[in-house]
1. Quick one: compute the contact order of segment 3-74, relative version, from alpha carbon pairs under 8 angstrom and 6+ residues apart, as a percent.
2. Is segment 110-174 rounded, prolate or oblate when judged by the Cα gyration tensor, a ≥ b ≥ c being the square roots of its eigenvalues, rounded requiring a/c under 1.5 and prolate requiring a/b larger than b/c?
3. Could you grab the relative contact order for segment 110-174? Cα pairs under 8 Å, six or more apart, rounded to a whole percent.
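No lab work stands behind these numbers, since they all come straight from the coordinates. Because the structure is predicted, anything quoted here is derived from the model rather than measured.
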């Protein structure tokens, strides 16, 4: 296996691996360490990954798992708030969605939007950011998130709801003054 092949492989996936880790950890330095660890694991399995059509998915899964392990192992216990449920009149639960007007991102290119959202995500506490990222960026169902994080299903839903609310407020505060974004 020529080293240049792995170097090309690494360059092709480094942004995705780093972005996954930084979204979950909220810390660029930690994300760099995790990305390095992901590629050390990839190097050990490079013979299989070299031609695998699922190499990107494998890398993303490893980055996600290492990020979650880091959060569980190295950070103080997450402070879990009581599980708040917003009852509806019919006796169910109500999730609040924040829809942005069509003009909210006008004038921002994709890279600017991404950077803006990444900065806002980094401001969320771990217990909100992690489930939100797993749900919206990694497309995991609530049940899988609850299982991975070892918390209840209702806790996952509550944390994602609160994360959306907090993210909307952060984006509002950091938004351009001429925009009118109503959460």
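1. On the way: 52 pairs, mean separation 28.4, N = 72.
About 39 percent, as a whole number.
2. Details: a/c = 2.73, a/b = 1.78, b/c = 1.53.
Prolate.
3. 40
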